[in-house]
Amino acid sequence: MFFNQDKKPERTAAFTYVIVVVIIMLLINAFILPAIVRRNIRDVDYSTFLNMVGNKEISTAQINSDYIYFSDKATPENSYRTATFNDPDLVNRLQASGCEFGTVVNRTSPLENFFFGWVLPLLFFYGIGVLLSRMMMRRMTGGEDGGGLFGGGPMMSFGKSGAKKYVPSTTSIKFEDVAGEEEAKQLLEELVMYLHDPKKYADIGASCPKGALLVGPPGTGKTLLAKAVAGEAEVPFFSIAGSEFVEMFVGMGASKVRDLFNQAEKNAPCIVFIDEIDTIGKKRDAGALSTNDEREQTLNQLLTEMDGFDGSKGVIILAATNRPEVLDPALLRPGRFDRRIPVELPDLEGRVAILKVHAKKIKVADNVDFDAIARTAAGASGADLANIINEAALRAVREGRKFVIQEDLMESIEVVIAGYQKKSRVLSDKEKLVVAYHEIGHALVAAKQNNSAPVQKITIIPRTSGALGYTLQVDEGDKYLMSKEELLNKIATFTGGRCAEELVFGTITTGAANDIEQATKIARAMITQYGMDEDFGMVALSTQTNIYLGGDSSLACSPETATQIDAAVVRIVETQHDKAMKILTDNKSKLHELAKYLYEHETITGEEFMEILNSKPAYGTEAKTAADETEENPN
Ligand code: ADP
Ligand code: MG
Ligand code: ZN
C-alpha cells in the first residue's frame, strides 16, 4: 500500500518509515552493539595480568597492537583486557604459563559484524513494516487483505474504494418492491431507460442527468429506490456510504473517490450510489474553527470527478440524504446532482400499498383490512410499516397462530409507536385512576371540538416507552394543511389531560410533561413560523433546519421580540387550557362515566367511546363516580 506509485501520502509515509529505520540502525551500530561487546570485558592493569600469567591462571591470550585480550581458566566465560605494554619478555612468560596465545587484528569477523549490525535489524524492521501496512490496509478496505509494505501493486487495484460491486442478478429489487413513491419512481424511470440504451440519447444529442439526489426523511425507501433502479436497469450497482470516504489520513478519502469513479467508468453503464452523502457533502464554510481538510479534499475530488465525467458513457450517480440543506451548493448545481427527487412519507394510499408489499412475505388472514391499519398508522414511514408487519408476524407466532390476523397488526402498531406492553409495571389503583381520567380528558376534549379527529383507542396499559397510557387518534384522510382553528384545538386536546386531573382530583401530576411540550411547540410554531398571531403578523421569526429529521428551529429575532413571543405562547396555551377546562366541566358526568369504564377495562375503542359519549347516562351511576369510590377507600 505504501509504495503505490500514484499515492502521494502513502509514499510519504513509507519514506518516513525508511528514514526512521536507518537512523535506528545507525544508533544500534554506533552505540548499542559496542556497548554489549564491551560489557563482558573487564579492564585490568598490566600487573594483574602478569600476576595471573605467573600463577598459570590464563587459558588463552590474544594480542594486537593496542590490547591484550585474555581469559582465565577458572571462569572461562569472563574476558579481560589490558593495554599492550612494551614487554619483550611477554612471549616467554606466556609460553611458561602454558596458555594458548596469538595475534588478532579484530576480535569479531567483519562478516559477522555486518550480519548482526545491519542484515538482522533490516529483516526485523521489514517484517514490522509489512505487518503494520497489512493492519492499516485491513482497516481501510474493510477486511480485504492487500499487499505488504513493499509488496503493493496489483492486488489492491480492485476494491480499494471499498465500494461493493453488485452483480445485476444479485439486486433483484425492482420498482414493484417499492410501494407508494409514485412520483419518485416516475423520475427515476427515465434514468433506467437511459441506462438501458444510452445510445438512443446520444444519437439525438441529449445528455442524461449525471446525478440524482434522493431526499427525504429516514426510512422512506431512498436506499431501496436506488437499488431498484439498478435492478430495473440490470446494470452493475456500486454502493458506498458517505462515511466510508472519511479517513484518518488526509487524502485517503479523495483517492477513494478517484478509485470509485475509475471502477465505475470501466464498468459503464452502471450506477454509483453514495448513501448518506451529507457526511462528505457538507457546506465548506470558511469561518469554521475546525476546518476539516480531509472532508474538504474528498468533496473537492467528488466535484472534480463528477465534472470530468463523460455524460454519454452511461454512468449515473445516485445519492441519498435526509439533510439536503447542509449540502454544498456546488454539489447541487446542474451537471452534478441536478435532479432532486423527493422521497416523502407515504400518504394513506402509499401506506396501504407498502403494507401489502410487505404482507406478501408473511401469511395473512384473508379478512385483514389494510386500509384500517394504514389509517391508524398515520405518519409512519415505509420502514415503520415494514416493522409493523414483522412485529405482527412475531406476535402471531407467540400466540401460536399459523397466520397473522387484524388484531396482531393493530397491536403491533402500538408496539411500534409506544413500545411493548409492560406487564411488570404495576400502577397503584390511585395512579391508574389518575391515568384513566387524564386520557379520557384528552379524548373528550378532542371529541367535543368537532374539528378534531375522533379517537381510535385509549388504553391505560403501561408501555415500555414509559407511556402510562395513551390516546390513539386517527386522521380520516391525509392532512396537508392545518387551519389555525385546528391547531388551537390540538393544543386544547393536549391540555385536556391535565385539565381532567385538576377538575377531578384538584391536584396535578407529572404525567402531563409530554403534553405540555407538544402544546408549547405548536403554539410557538404558530407564532414564529405560520404567522398566525395578530401581534406579530406574517414575519418569519425562526429558521427551520433538519426538516426531515424532526426539525429544529432556532429563533431569528431580537431578544425583546423573543420575550414577547414567550409571553404570547403562554397566552395561547392558557386560552386553550381554559377552553378545555370548560368542555370538561360541561361534560363532567361523561368524564366520570368514561373514566370509570376505562379504569375497569383498561382499553376502550373509538366506537365504545363514542357510544358511551352519545348515550344517555346509563353506564354506572352519576351520583357515584369512580373518583368518589377510591376516595372512600383511600389505600
Ligand atoms: P432510507 O430512506 O432511510 O434509505 P430504506 O430504503 O433503507 O430507507 O428503507 C428501509 C426499509 O423500509 C426497506 O428495506 C424496506 O423494507 C422498507 N421500506 C421503506 N420504504 C418502502 C417502500 N416505499 N416500499 C416498500 N418498503 C419500504
Ligand atoms: Mg438509507
Ligand atoms: Zn397526556
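The values are calculated or read from the model by the stated rules, or taken from the named source; none is laboratory data. Quick caveat, the model's predicted, so the values are computed rather than measured. Neighbour counts run over all protein chains shown; Cβ positions are idealised from the backbone, glycine included. Calculation scope for accessible area: heavy atoms of the full protein, side chains included, ligands and nucleic acids excluded. Shrake-Rupley method; radii C 1.70, N 1.55, O 1.52, S 1.80 Å.
In a DSSP loop and with at most 14 other Cβ atoms within 10 Å, the trypsin sites (Lys or Arg not before Pro) in the stretch 328-391 are Lys360, Lys361, Lys363.
Considering only protein heavy atoms, what is the solvent-accessible area of Phe124 at a probe of 1.4 Å, reported in Å² to the nearest 10? Counting only protein heavy atoms, Phe124 exposes about 120 Å² to solvent.
Using the Cβ-Cβ distance between Tyr480 and Ser243 with R0 set to 30 Å, the FRET efficiency works out to roughly 0.30.
Among residues other than Gln186 with Cβ under 13 Å from its Cβ, the summed charge is -4 (Lys and Arg +1, Asp and Glu -1). Hey, quick one: spin label on Val44, modelled 7 Å out along Cα-Cβ, who in the stretch 76-93 has an amide N within reach, i.e. under 17 Å? It comes to 76-85, 90-91, 93, nothing else. Computed over protein heavy atoms with a 1.4 angstrom probe, the accessible surface ordering of Thr510, Thr603, largest first, is Thr510, Thr603. Compared with the direct C-alpha span, the chain from Thr543 to Val91 gains 152.5 nm at full extension, assuming 0.36 nm per residue.
Amide H contacts of Asp338 (H built 1.01 Å from N, in plane; Pro and chain starts excluded): Lys210, Gly211 sit under 5 Å, all sequence-distant by 5 or more or on other chains. With the simple model of a label 7 Å out from the Cα in the direction of the Cβ, Glu325 to Lys521 spans 1.5 nm. Principal axis analysis of the Cα atoms in the stretch 464-570 yields extents of 41, 34, 28 Å, listed in decreasing size.
Placing +1 on the Cβ of every Lys and Arg and -1 on the Cβ of every Asp and Glu, with nothing else charged, gives the stretch 185-281 a dipole about its Cα centre of roughly 100 debye. FRET efficiency for the pair Asp66 and Val130, taken as 1/(1 + (r/R0)^6) with r the Cβ-Cβ distance and R0 = 41 Å, rounds to 0.45. Toward the positive end of the charge dipole of the stretch 348-418, with +1 on the Cβ of Lys and Arg and -1 on the Cβ of Asp and Glu, the farthest Cα among Ala374, Ala393, Met410 is that of Ala393. Calculation over all alpha carbon pairs of the stretch 555-611 in 5 angstrom steps from 0 returns a P(r) of 4, 15, 14, 13, 12, 10, 9, 7, 8, 7, 1 percent. Computed from the Kirkwood radius of its Cα pairs, the Stokes-Einstein diffusion coefficient for the stretch 348-418 at 37 °C and 0.692 mPa s stands at 283 µm²/s. With contacts taken as Cα pairs under 8 Å at a separation of at least 6 residues, the stretch 40-105 carries a relative contact order of 40 percent. Normalised by the number of residues in the stretch 348-418, the average gap of Cα pairs under 8 Å and 6 or more apart makes the relative contact order 37 percent.
Distances between placed amide hydrogens fall under 5 Å for Cys270 paired with Val315, Ile316, all partners being 5 or more residues away or on another chain. Checking the Cα-Cα distances for Lys227/Lys356; Lys174/Lys200; Lys185/Lys457; Lys457/Lys579 against a 31 Å cut-off, the pairs over it are Lys185/Lys457.
Diffusion coefficient of the stretch 40-105 by Stokes-Einstein, Kirkwood radius over Cα pairs, 25 °C, 0.890 mPa s: 212 µm²/s. In this structure Lys490 has an accessible area near 90 Å², from a 1.4 Å probe over the protein heavy atoms. Treating r as the C-beta distance of Asp429 and Arg284 and R0 as 56 Å, the FRET efficiency rounds to 0.35.
If you take the Cα Rg of the stretch 180-285 and divide it by 2.2 N^0.38 Å, with N the number of residues, what do you get?
Ratio of Rg to 2.2 N^0.38 Å for the stretch 180-285: 1.17.
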